[in-house]
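Okay, structure first, notes after.
The values are calculated or read from the model by the stated rules, or taken from the named source; none is laboratory data. Note that the structure is predicted; figures quoted are calculated from it, not measured. With ideal geometry, Cβ positions are generated from the backbone for all residues, glycine too; neighbour counts draw on all protein chains shown.
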Amino acid sequence: MFQSVQDTHVLEPFRFLAGSFLVALDGTGQFSSSTVCCPDCAIKQTRGGDTLYYHQLLGAAIVHPDREQVLPLIPEPILRDDGDTKNDCEKNAAKRLLTRLREDYPALPMTIIEDALTANGPHIKLLQKLKFSYIIGVKEGDHAHLFEAVKTHEENETMGGLAQQDEQGKITRTFRFVNSLELNKSHPNLKVNFLEYIDIELEGSRTRCRFTWITDIKITESNCAEIMRGGRSRWKIENETFNTPKNQGYRLEHNYGHGNQHLSTNFALLMMLIFLIDQVQELAYVPFQQARRRFRSRTSLWERIRALFVGYFRSWILDASRNLRTPSWRIFFEGTGSRWQSWRRVSRDKVEQGVRCATGRQPQLMVVHPQFPPTYRPIVSLRYTLSLRQNAPPHCVRIGSALCFPDTRCERSSIYS
């Protein structure tokens, strides 16, 4: 699918610094429980002494500071392998993901954007080996040697700098940078370029925000603002890539089924694939773009699509059922407390009316008769097994709160689910 996106030039608007693509990496949780678990679950003890089982993913997405859409790539599961006593970690998952990413796209120019946890010698050497550029956040408390070198340059007035004001003249954006600094004492030969960005309100001289990064891109006055925008794009993997599947209708963290052989992880991977398809549609498919503009949230759009789908197939199957030759249907209605309240024998053109009157609700789907053409038969997704209910007739189909089945004169072997 990603190859198709490349071939149709949908990916071109995501090019950023020197034609490279910004790829943001970060981890997220997809499942946690104190009772449900599998051999792949990572384990930790809570403060209260309880055992927590969980699954995590290391996600990767192509982002751009000027675009709302993101293009998620295949995430890397963070699991506990069979026989291992220690949990997997984000650092090991990053090694696997980056290696696979370069194997899958050997010629694609990519700039990796990560947080300060990855600003260490072994990880940066891996990025260099795989021919990735990088923009990685750094913190003064975790990188004392680096910030001491920056302070020395500041005292000697050898730092590069740039100051800009916003259009309203209320905020000053300050850039300071130094090229070719030692990352830390353990890796004196590993040189990085340092960039600091500060937002200052002129009224009151209040600092609004401050960010610091290291990069292998040579920093100048002409590109420092672009590097800053690229570094701040890392938040898009938190907001657009993880928040959207979790809170806007996809329900990434919902336990659709845990299983014992990677079921939970496979559901999460499929969910990210669905999200990628939707993001590509937002980028390139005009009807989908129009639908997104019509509804304020994705959740509203998904609910509307679901309602249209159910309503269309309900009416379609009902219309087809009126042309059946079988003279009648029997409908077995489910009452409150799982009790069966009534038998009804109705003609085929009153099936919908009978279900509606007995249940007080409009049926969503109509029963499929054995004389339906084979192409219609997959529409009914549930075949109600008679052994699950007492007094339930054999070979019937459950539709909403009703059990529908053909007249007993029909052959039982011809009933399809």
* Asked: Are any residues in the stretch 196-221 assigned to a loop (DSSP other than H, G, I, E, B) and modelled with pLDDT of 90 or more, and if so, which ones?
  -> 216, 217, 218, 219, 220, 221
* Quick one: which of 205, 180 is out of contact with any Gly (no Cβ under 6 Å at 6 or more places or on another chain) and closer than 30 Å to residue 19 by Cα? -> 180
* To do: Could you grab the pairs with beta carbons closer than 9 Å, sequence gap of 6+ or different chains, first residue in the stretch 241-255 and on the phi > 0 side of the Ramachandran plot, second one in a helix (DSSP H, G or I) and charged (D, E, K, R)?
  => 249/298; 249/303
* Structure fact -> Restricting the stretch 3-35 to residues that are part of a loop (DSSP other than H, G, I, E, B) and in contact with a strand residue (DSSP E or B) (Cβ under 7 Å, 6 or more places away or on another chain), the one farthest from residue 218 (Cα to Cα) turns out to be 34
* To do: Among the residues of the stretch 39-91, count how many are in contact with a strand residue (DSSP E or B) (Cβ under 8 Å, 6 or more places away or on another chain), without any contact (Cβ under 8 Å) to a residue 40 or more places away in the chain, more than 18 Å from residue 242 (Cβ to Cβ) and outside any loop (DSSP other than H, G, I, E, B).
  => 4
* Asked: Restricting to the stretch 222-249, what's the tally of residues that are farther than 30 Å from residue 300 by Cα and assigned to a helix (DSSP H, G or I)?
  -> 8
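Here's the yes/no breakdown for (1) surrounded by fewer than 18 Cβ atoms within 10 Å (Cβ to Cβ); (2) touching a His at 6+ places or on another chain (Cβ under 9 Å):
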site: 108; (1), (2): yes, no
site: 124; (1), (2): no, yes
site: 132; (1), (2): no, no
site: 143; (1), (2): no, no
site: 147; (1), (2): no, no
* residue 127 passes all but one of (1) closer than 19 Å to residue 188 by Cβ; (2) aliphatic (A, V, I, L, M); (3) free of Cβ contacts under 8 Å to residues at least 24 places away in the same chain; which number fails? -> (3)
* Structure fact -> Restricting attention to the stretch 152-162, the residues that are farther than 15 Å from residue 214 by Cα and not in a loop (DSSP other than H, G, I, E, B) number exactly 6
* **Any chance residue 149 is closer than 28 Å to residue 261 by Cα and either at pLDDT 90 or above or of a type in the set (Ser, Thr, Tyr) (or both)** => no
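Which one of 295, 288, 275 is farther than 17 Å from residue 55 by Cβ, crowded, with 20+ Cβ neighbours inside 10 Å and touching a helix residue (DSSP H, G or I) at 6+ places or on another chain (Cβ under 7 Å)?
Just one listed residue meets the conditions, 275.
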